[in-house]
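**Q** The structure is given below, and queries will be raised subsequently.
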Amino acid sequence: MQQAAIFSSKIKQLFTFERIFFLILLVTIVVRFWNLDLKLFHHDEAIHSWFSYELLTKGTWMYDPSYHGPFLYYITAGMFSVFGDSDLVARLLPALFGTLLIPLVYCIYRLGYINKNQTLVAAIFLALSPDMVYFSRFLRHDIFMLFFTLLLLVALLYYFERGQTRFAVIAAIAAAGGLACKEEMPVILLIFASFFLYAIWRGKFILPPRWKRDLILCLFTLIAIMAILYSGFGVHLETLQSGWLEAIKHWTAMHNQQRLGGPWFFYVPLFLLYELPIFILAVIGVILFMVTGIHPSPPLMRLKNWILLRDSRLTVAQLAGTALRQLKEKQAGYSKSDEFFRFCIYWMLLSMAFYAYVGEKVPWLLIHQLLPMCFVAVYKLNWQKTAVAIVGCIFLVVMTWHVAFVPVDINEPIVQVQNSEDMHMVMQLIDASDHVVVASKDYWPLPWYYRGDRWSKISFYGNLTDEDTLTQNDPDVIILHDTESYPSLKGYDKVTYKLSYWFSVYDNQNRLIDYYLHRDGKMGSINIDVFTQRKTV
């Protein structure tokens with residue numbers, strides 16, 4: 001028994017909370033940064049990188065709501081200027097910002113809003129989540145906005161706890177950063193503001209005496225950062241007047257058009273596909289919160305039972321004294337952790353409702369709903385829920401490996417419209433050629449991969465043209481859209497490749513269970529016909 005106790009003590013000393021958390025952070029770094037350029041750029045990644053390259057080489061950028069805010073382009077251009085322009089460099093900052101979510105969870109723990117076990121489980125969920133990993137290895141605005149959202153929460157909590165102006169300024173910087181990323185950040189700010197203003201009114205959070213001065217400073221900081229970034233450092237001052245209106249018009253039109261539409265429950269199947277254990281535990285967390293909120297508290301139940309069991313009549317003084325003691329006991333039992341989880345549930349449910357309503361449905365918007373869900377999942381974390389979380393991590397690891405680290409075309413909704421790995425073979429043919437003709441309405445990511453002087457070997461036509469034009473000057477390679485092509489070209493061999501692909505719900509809707517288990521089946525795709533000049537012997 002004594003030896004067992006000594007062994008148990010050594011295990012506890014070895015696996016301390018700080019060491020386990022640091023191990024989770026290391027795992028986060030590995031899965032974000034390892035083999036970061038393994039997969040070909042997504043269509044949107046290629047466009048974002050190309051705009052950043054244009055900003056670096058030509059100094060041109062102007063706000064267009066179709067391509068969101070300026071933050072991504074300026075920091076990516078900055079990375080290109082220091083480390084060179086490549087797929088790897090373009091994805092470094094998304095991986096970094098995705099990693100920094102984990103230290104922010106630790107900050108919430110340090111304030112006492114979550115305990116050690118909740119901190120570890122929430123951190124490992126964020127570390128291993130397939131969507132978090134996938135979109136941390138992906139040059140889009142969303143992972144930056146997600147980081148600023150969590151930074152804003154942490155800064156607000158520190159401001160309420162410490163009352164220091166520096167945390168108010170950090171909150172303003174976080175809000176400005178999020179607003180410089182994407183147009184739905186104002187909705188997140190409204191969710192935060194509505195909850196915390198009501199909580200302040202209820203006395204759950206206390207503002208410091210100088211809060212009015214801090215508010216003015218925050219507004220000045222936020223407006224200054226937004227004005228600098230959206231005006232292109234003063235080059236396009238007209239954006240400050242018209243940019244917000246253009247954003248509203250554009251995204252209202254996209255919502256009504258439903259260009260990338262889907263049902264209101266679009267994201268629920270994605271949670272079940274990739275985040276099953278987190279989703280289940282979050283549902284349990286919401287139910288537990290509702291049940292504990294509806295049922296009478298233990299002190300009031302004890303007061304009721306004490307009254308019922310009394311044989312003699314109670315005097316007014318006895319009743320008042322007992323009620324006062326029970327009320328104090330109830331207030332003493334209140335934890336600020338309760339208010340934190342109340343906020344996380346509020347944040348999660350309103351985020352899910354907002355993205356269910358928005359007509360534009362794309363997989364990367366799931367992470368804005370997933371972030372609060374990871375906290376809701378650890379509410380009332382007992383050994384049973386911890387066991388589910390540990391077993392669930394096996395599911396998360398398998399799915400993360402499948403979607404992020406297998407360099408093949410995968411039939412998964414998470415990819416949206418991903419450039420096919422076939423393009424590696426196409427680009428090998430282009431690299432080995434002196435003259436290439438591209439006559440196709442679909443051609444990205446070629447402008448990114450043949451940026452600068454490398455585009456000089458390419459003759460580009462936006463659509464199919466006549467055979468004489470295509471073959472003049474004897475190009476080595478001719479690339480056409482397969483639906484607007486020729487059966488053959490004299491002197492050329494023809495091979496069809498996939499340009500991009502996506503999960504086709506129409507081809508898999510009658511085999512959903514089989515698909516869920518095997519993750520295979522027919523994919524939708526855009527194809528190109530590649531004609532290579534026939535070699536003569």
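The values are calculated or read from the model by the stated rules, or taken from the named source; none is laboratory data. All figures in this text were calculated on a predicted structure; none of them were measured in a lab. FYI the Cβ positions are ideal-geometry reconstructions off the backbone, even for glycines, and counts take in every protein chain you see. Quick note on the areas: whole protein, heavy atoms, side chains included, nothing else; ligands and nucleic acids left out. Shrake-Rupley method; radii C 1.70, N 1.55, O 1.52, S 1.80 Å.
**Q** Using per-residue counts of other Cβ atoms within 10 Å, averaged over each peptide, order 52-61, 383-392, 36-45 from highest down.
**A** On the way: 52-61: 16.6, 383-392: 14.9, 36-45: 19.9.
So the peptides 52-61, 383-392, 36-45, ranked by packing, come out 36-45, 52-61, 383-392.
**Q** Can you put Phe354, Phe125, Phe233 in order of accessible area, largest first, using a 1.4 Å probe?
**A** Details: Phe354 50, Phe125 0, Phe233 130 Å².
Sorted by accessible area, descending: Phe233, Phe354, Phe125.
**Q** Per residue of segment 141-156, what does 6.51 cos²θ - 1.76 cosθ + 1.60 with θ = phi - 60° give for ³J(HN,Hα)? Whole Hz please, x for Gly and Pro, Karplus curve as stated.
**A** Karplus-based 3J(HN,Hα) across segment 141-156 equals 6, 5, 5, 5, 4, 5, 4, 5, 5, 5, 4, 4, 4, 4, 4, 5 Hz.
**Q** Ordering Tyr113, Tyr506 by accessible area with a probe of 1.4 Å, largest first, what comes out? Working shown, then result.
**A** Working: Tyr113 0, Tyr506 175 Å².
Correct descending sequence by accessible area is Tyr506, Tyr113.
**Q** Next question. Quick one: ranking Leu517, Leu464 by accessible area, 1.4 Å probe, largest first, what do you get? Show your work: numbers first, answer last.
**A** Details: Leu517 125, Leu464 65 Å².
Order by accessible area, largest first: Leu517, Leu464.
**Q** Ok, one more. What accessible area per residue comes out for the chain, rounded to a whole number of Å², with a 1.4 Å probe? Write out the running numbers ahead of the final one.
**A** On the way: 26370 Å² over 537 residues.
Per residue, the chain has an accessible area of 49 Å².
**Q** Hey, can you grab everything whose amide H is under 5 Å from the amide H of Ile526? Only 5+ residues off in sequence or another chain; H modelled, so Pro and N-termini drop out.
**A** Residues meeting the criterion, in which the H sits 1.01 Å from N, are Leu499, Ser500, Tyr501.
**Q** Still on this structure: Over the chain, what is the mean sequence separation of C-alpha contacts under 8 Å (at least six apart), divided by residue count, expressed as relative contact order in percent? Mind dumping the intermediate values first?
**A** Values: 681 pairs, mean separation 85.8, N = 537.
Computed value for the chain: 16 percent relative contact order.
**Q** Treating only the Cβ of Lys, Arg, Asp and Glu as charged (+1, +1, -1, -1), what charge dipole size does the chain show about its Cα centre? Round to the nearest 20 debye.
**A** Values: 45 positive and 42 negative charges, 773 e Å.
Value, rounded to 20: 3720 debye.
**Q** Apply the a/c threshold of 1.5 to the C-alpha gyration tensor of segment 103-204 and tell me whether it is rounded, prolate or oblate. Don't jump to the answer; show the numbers that get you there.
**A** Working: a/c = 1.92, a/b = 1.18, b/c = 1.62.
Note, shape of segment 103-204 comes out oblate.
**Q** Separate question: List the relative contact order of segment 17-120 as a percent without decimals, with contacts defined as Cα pairs under 8 Å and 6+ residues apart. The partial results should precede the final answer.
**A** Details: 65 pairs, mean separation 35.0, N = 104.
Across segment 17-120, relative contact order equals 34 percent.
**Q** Next up: Quick check on the chain: of the DSSP beta bridges with both residues there, what percent are antiparallel, nearest 5%?
**A** Numbers: 18 of 26 bridges.
That works out to approximately 70 percent antiparallel.
**Q** Among 187-199, 410-422, 161-173, how do they line up by average Cβ neighbours within 10 Å per residue, starting with the highest? Each step should come with its number before you reach the end.
**A** Details: 187-199: 15.8, 410-422: 20.3, 161-173: 17.8.
Ranking, from highest mean packing down: 410-422, 161-173, 187-199.
**Q** Let me know the shape class of segment 338-403, please: from the alpha-carbon gyration tensor, a ≥ b ≥ c as square roots of the eigenvalues, rounded when a/c is under 1.5, otherwise prolate if a/b is greater than b/c, or oblate. Each step should come with its number before you reach the end.
**A** Values: a/c = 3.64, a/b = 1.16, b/c = 3.13.
Oblate.
**Q** Multiply the residue gap between Val397 and Leu111 by 0.36 nm, knock off their C-alpha separation, and tell me the result in nm, one decimal place. Let's see the in-between values first.
**A** Numbers: separation 286, 0.36 × 286 = 102.96 nm, distance 2.98 nm.
Length difference between fully extended and current span is 100.0 nm.
**Q** If you don't mind, another one. So for segment 401-537, considering every pair of alpha-carbon atoms, how many percent are separated by more than 19 Å?
**A** Values: 5103 of 9316 pairs.
Roughly 55 percent, once rounded to a whole number.
**Q** What order do you get for 73-80, 454-461 when each peptide is scored by the mean count of other beta carbon atoms within 10 Å, highest first?
**A** 73-80, 454-461
**Q** Can you pull the Kirkwood radius for segment 49-146, inverse mean 1/r over Cα pairs, to one decimal in Å?
**A** Working: mean 1/r = 0.0672 Å⁻¹.
It is 14.9 Å.
**Q** How many percent of the accessible area of the chain is carbon or sulfur, using a 1.4 Å probe?
**A** Working: 17120 of 26370 Å².
Result for the chain: 65 percent of the exposed heavy-atom area is carbon or sulfur.
**Q** Next question, about the same structure. Can you send over the solvent-accessible area of His48, 1.4 Å probe, protein chains only, in Å² to the nearest 10?
**A** Roughly 10 Å² of His48 is accessible to a 1.4 Å probe.
**Q** Still on this model: Compute the distance from the alpha-carbon center of segment 71-138 to that of segment 434-498, in whole Å.
**A** 39
**Q** In Å and whole numbers, how far do the C-alpha atoms of segment 171-282 stretch along each principal axis, longest first?
**A** Here the Cα extents, ordered largest to smallest, are 46, 43, 21 Å.
**Q** Can you list, largest first and rounded to whole Å, the semi-axes you get for the chain by taking the square root of 5 times each eigenvalue of its Cα gyration tensor? Don't skip to the end; give the middle numbers.
**A** On the way: eigenvalues 538, 153, 94 Å².
Computed over the chain, the values are 52, 28, 22 Å.
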